[in-house]
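Here's the structure we're looking at; comments come further down.
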Number of protein chains: 2
Amino acid sequence: MDVRADTRARLQQAALELFTRTGFEQVTADEIADAAGTSRRTFFRCFATKADAVWGEFGAHVARLERLLAATREDQPVLASICAAYVEVNDYADGDLPILRQRMALILGEPALQAHAQVRYADVDRVVAEHVARRLGQTPDALLPRLVATSTRAAATTAFEVWLADGTTTLAAALHAAFDQLALGFPDLRPPSA
Amino acid sequence: MDVRADTRARLQQAALELFTRTGFEQVTADEIADAAGTSRRTFFRCFATKADAVWGEFGAHVARLERLLAATREDQPVLASICAAYVEVNDYADGDLPILRQRMALILGEPALQAHAQVRYADVDRVVAEHVARRLGQTPDALLPRLVATSTRAAATTAFEVWLADGTTTLAAALHAAFDQLALGFPDLRPPSA
DNA sequence: GAGGTTAGTGACACCCAGTGCCACCGGGCA
DNA sequence: TGCCCGGTGGCACTGGGTGTCACTAACCTC
């Protein structure tokens with residue numbers, strides 16, 4: 001019932017390559033399957049959606065984020081704990097950075113993939129909101145847990161965008177810069193600029 | 001080349017109705033067209049996507065937001081100006097609230113529509129980022145303008161969610177509550193809770 | 001009032017994503 | 001050798017979205 005790991009890996013690699021070269025919408029599932037030396041039917045057994053081929057092991061990613069948040073020390077400020085967890089989860093080895101760049105360029109650049117990302121990010125938001133709710137003694141669907149979850153994810157996404165566009169800064173540095181702004185209520189735009 | 005306004009209105013109404021009753025994925029474009037007394041082909045001339053039938057005149061909405069932001073006084077804090085613009089754009093007459101609730105329940109509840117929303121919201125983000133960039137003398141793709149745009153939209157979305165789930169608070173009140181938290185750097189979770 | 005233009009529409013054919021179903025193939029196992 | 005079973009390929013089908021053409025009704029001109 002399951003899928004052989006190398007078949008999945010070949011499909012993922014082929015998909016990433018073709019999407020980057022030709023554009024997400026232009027590539028058909030048949031072409032990916034051909035490039036990976038397998039069939040269209042097998043592609044859709046590995047990935048529920050064409051878009052899912054771009055996301056590696058994102059489920060494991062979210063699970064790891066959840067564990068990190070659960071292990072947070074109580075005396076650490078909540079935003080700092082979330083920032084630290086985001087930084088740790090996204091601490092890739094140098095050798096993995098090119099693939100990460102390729103993946104994120106697609107996700108942040110292709111409209112269809114941006115849309116799909118929303119569904120995947122909903123899991124992240126849920127995990128973060130539960131963490132905040134636990135720390136605050138509120139329910140996860142109250143205003144504050146929800147708001148912290150969505151705005152910290154907004155910060156993380158923005159950090160990824162500038163990291164991707166810039167090329168000189170570290171991903172960790174970009175994440176810290178974004179979270180600092182958020183945690184301080186955007187001090188840089190506090191003084192009326194006139 | 002254009003589409004008759006009442007055809008579009010009938011289709012939109014039928015779509016909203018059917019989506020709410022049966023669920024977005026369960027309704028086919030044919031069924032919507034039949035319910036509106038027209039053809040499938042005409043449906044796709046009115047709306048590029050099945051999902052687009054849920055969004056009313058969202059383009060006009062964004063344009064109005066842009067005008068409001070452009071007319072902002074220079075001595076008003078940036079976040080306050082954005083909050084005021086969001087509140088004003090979402091200041092519906094009481095008679096329009098039921099339709100708004102219906103629309104937002106679909107957009108926030110159906111995964112496929114959540115995904116599609118990301119594409120529409122990208123326009124909002126661009127407009128807000130340009131406003132912030134103008135006020136700060138930065139480019140719209142710098143960290144701070146992007147971050148303010150995405151996190152204020154996160155705040156607005158969260159406000160919509162609690163407004164929808166709650167039923168007692170005003171939309172304006174929910175927006176102000178969310179923006180206040182954001183502008184102050186989440187003071188409610190500042191003290192280490194231990 | 002006849003003839004031409006034009007916008008809106010409907011009908012049909014097509015491409016492609018995604019799914020259900022079944023047949024096949026290869027390897028472990030009695 | 002015969003059986004079982006996980007991975008796979010082929011096939012047909014649904015449904016979203018598009019390009020094309022033919023039709024119709026209004027409007028305009030002579």
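Figures for the structure shown
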{"read-out": "Candidates per chymotrypsin sites (Phe, Trp or Tyr not before Pro) in the stretch A:76-132, loop by DSSP, up to 15 other Cβ within 10 Å", "value": "A:Tyr92"}
{"read-out": "Total accessible area lost when A and B pair, probe 1.4 Å, Å² to nearest 100", "value": "3300 Å²"}
{"read-out": "Charge-dipole axis of the protein assembly as shown as Lys and Arg at +1 and Asp and Glu at -1 on Cβ define it, positive-most pick from B:Val128, B:Gln12, A:Pro98", "value": "B:Gln12"}
{"read-out": "For the stretch A:103-150 and the stretch A:169-187, distance of Cα centres in Å", "value": "18 Å"}
{"read-out": "10 Å Cβ shell holding at most 16 others, DSSP loop, GluC sites (Glu not before Pro): longest site-free stretch of chain B", "value": "B:75-194"}
{"read-out": "Computed magnitude of the charge dipole of the protein assembly as shown (debye, nearest 20; Cβ of K, R +1, Cβ of D, E -1)", "value": "380 debye"}
{"read-out": "Accessible area of the stretch A:5-53 divided out per residue, in Å², using a probe of 1.4 angstrom", "value": "53 Å²"}
{"read-out": "Most fluctuating residue given options B:Ile107, B:Ile99, B:Ile32, as computed from a GNM of chain B linking Cα atoms under 10 Å", "value": "B:Ile99"}
{"read-out": "Inter-site label distance for A:Ala80 and A:Arg67 at 7 Å from Cα along Cβ, in nm", "value": "2.4 nm"}
{"read-out": "For chain A, built as a Gaussian network whose Cα springs stay under 10 Å, the top-fluctuating residue of A:Ala29, A:Ala60, A:Ala129", "value": "A:Ala60"}
{"read-out": "Karplus (6.51, -1.76, 1.60) ³J(HN,Hα), θ = phi - 60°, over the stretch B:47-63, in Hz, Gly and Pro reported as x", "value": "10, 4, 9, 4, 5, 5, 5, 7, 7, x, 9, 5, x, 4, 4, 5, 4"}
{"read-out": "3J(HN,Hα) from dihedral phi, the stretch A:134-151, Karplus parametrisation 6.51/-1.76/1.60, rounded to Hz, x for glycine, proline", "value": "4, 5, 9, x, 10, 8, x, 9, 6, 4, 5, x, 4, 5, 4, 4, 5, 7"}
{"read-out": "Net charge, B:Gly59 excluded, C-beta distance under 12 Å - Lys, Arg +1, Asp, Glu -1", "value": "-2"}
{"read-out": "Among B:Ala173, B:Ala142, B:Ala53: highest mean-square fluctuation, GNM of chain B, C-alpha pairs under 10 Å", "value": "B:Ala142"}
{"read-out": "Heavy-atom accessible surface of the protein assembly as shown: percent carbon and sulfur, 1.4 Å", "value": "52 percent"}
{"read-out": "Segments A:37-45, B:109-117 sorted - mean Cβ within 10 Å per residue, highest first", "value": "B:109-117, A:37-45"}
{"read-out": "Shortest-first distances to equivalent copies, position A:Thr139, nm, label 7 Å out along Cβ", "value": "4.6"}
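The values are calculated or read from the model by the stated rules, or taken from the named source; none is laboratory data. Please read these numbers as outputs of a predicted model, since none were measured by experiment. For neighbour counting, all protein chains shown are included, and Cβ atoms are generated from backbone atoms with ideal geometry for every residue, glycine included. Each accessible area value is taken on the protein alone, full model and side chains, heavy atoms only, with ligands, DNA and RNA left out. Shrake-Rupley method; radii C 1.70, N 1.55, O 1.52, S 1.80 Å.
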